[in-house]
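The values are calculated or read from the model by the stated rules, or taken from the named source; none is laboratory data. Since we're looking at a predicted model, the values are computed, not measured. Here the Cβ positions follow ideal geometry from the backbone for every residue, glycine too, while neighbour counts run over all protein chains shown. When the accessible area is computed, the model is the full protein with side chains, heavy atoms only, and any ligands, DNA or RNA have been set aside. Shrake-Rupley method; radii C 1.70, N 1.55, O 1.52, S 1.80 Å.
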Amino acid sequence: MILEKHNATSKDAIKYPSPICKMEFVINLAREALANGELPIAAAVFHGEKLISSAYTTERADKRWLVHAEQKALMDADTKMLSLKTRTELELYTNLEPCLMCLGMAISSFIGTINFSLEAPDDGAIDFYEVVFGGTNKKVMRLSEMPINPDFPISDNMKDWVAYAEIILRGTVFHFSDAQPDTITNGIISLMTRFDTIEALMETYDKLLDGGAALMEPAPQSYAKMFTWVRDKFGIDWQLICE
């Protein structure tokens with residue numbers, strides 16, 4: 001990929017003439033994030049061929065959860081005092097499908113176009129729960145890694161889908177697989193996990209609440225020192241209890 005440069009010492013002078021060049025920049029930034037011990041998620045905002053802002057997720061370095069790559073890049077772009085017309089001409093590039101929070105921020109920022117290279121499939125959920133619950137023994141098999149069966153061909157857009165995955169969360173083995181994009185969760189089933197301390201419960205609650213919603217705010221109950229009910233960003237309901 002060739003980037004046209006007017007001045008190699010000035011980042012503002014670098015031009016990104018095509019969508020491929022812009023996505024390549026984001027993917028390289030995600031590689032930098034991974035090398036620094038972060039999740040390999042990066043984002044950048046462009047106006048035409050010019051880079052306006054860029055960032056990668058820094059949850060581990062900042063010890064915070066609301067530091068998504070898209071969020072940081074959008075907030076940086078917001079400080080540039082751009083006109084409404086210019087904002088509608090901006091393009092957001094990210095190497096992973098934005099979560100609902102970041103998508104809402106992009107819409108509120110009047111971003112004209114959103115581009116991502118990968119949908120956020122089931123392995124996004126697996127990574128999320130691994131962090132939230134300190135998961136162990138994670139195993140992931142994609143459809144492209146399964147034995148070839150000519151009677152059931154796999155389309156190119158499904159090759160990266162998770163065929164089977166498992167991970168141990170708080171002593172229990174959980175199994176995952178990707179569903180069709182139009183699958184709707186209904187909240188009929190919820191999962192309950194118990195904690196020895198209120199502090200541990202609240203720490204997990206705060207993590208699950210990232211991109212999710214509280215169905216029942218944390219509060220002492222007659223049957224527990226603390227109880228809460230939260231629906232995470234993947235539509236899964238969790239009941240957290242400290243007895």
(message) Filter the stretch 187-243 down to the residues that are out of contact with any helix residue (DSSP H, G or I) (no Cβ under 8 Å at 6 or more places or on another chain) and of a type in the set (Lys, Arg) and list them by number.
(response) ARG194, ARG231
(request) Filter the stretch 60-94 down to the residues that are more than 13 Å from ILE111 (Cβ to Cβ) and of a type in the set (Val, Ile, Thr), then identify the one that is surrounded by the most Cβ atoms within 10 Å (Cβ to Cβ). (result) VAL67
(request) Kindly indicate the residue of the stretch 154-172 that is within 23 Å of SER117 (Cα to Cα) and open to solvent by 100 Å² or more (accessible area, probe 1.4 Å) and also modelled with the lowest pLDDT among those meeting that condition. (result) ASN157
(message) Can you say whether LYS72 is more than 30 Å from THR204 (Cα to Cα), among the charged types (D, E, K, R), modelled with pLDDT of 90 or more and in a helix (DSSP H, G or I), as far as the supplied structure shows?
(response) no
(request) Can you run down the residue pairs with Cβ atoms below 7 Å, 6 or more apart or on separate chains, where the first is in the stretch 40-59 and open to solvent by 20 Å² or more (accessible area, probe 1.4 Å) and the partner is in a helix (DSSP H, G or I) and of a type outside the set (A, V, I, L, M, F, W, C)? (result) PRO40/ARG31; HIS47/THR86; TYR56/GLU32
(message) Let me confirm something: among ARG194, ARG142, which residue is surrounded by 12 or more Cβ atoms within 10 Å (Cβ to Cβ), more than 28 Å from GLU70 (Cα to Cα), among the basic types (Lys, Arg) and at pLDDT below 95?
(response) ARG194
(message) If I filter the stretch 180-190 for residues that are open to solvent by less than 60 Å² (accessible area, probe 1.4 Å) and either of a type in the set (S, T, N, Q) or over 18 Å from the mean Cα position of the chain (by Cα) (or both), do I get at least one hit?
(response) yes
(request) Mind listing just one residue for me: the one in the stretch 211-237 that is open to solvent by less than 10 Å² (accessible area, probe 1.4 Å) and within 22 Å of the chain's Cα centre (by Cα) and, of those, modelled with the highest pLDDT? (result) VAL230
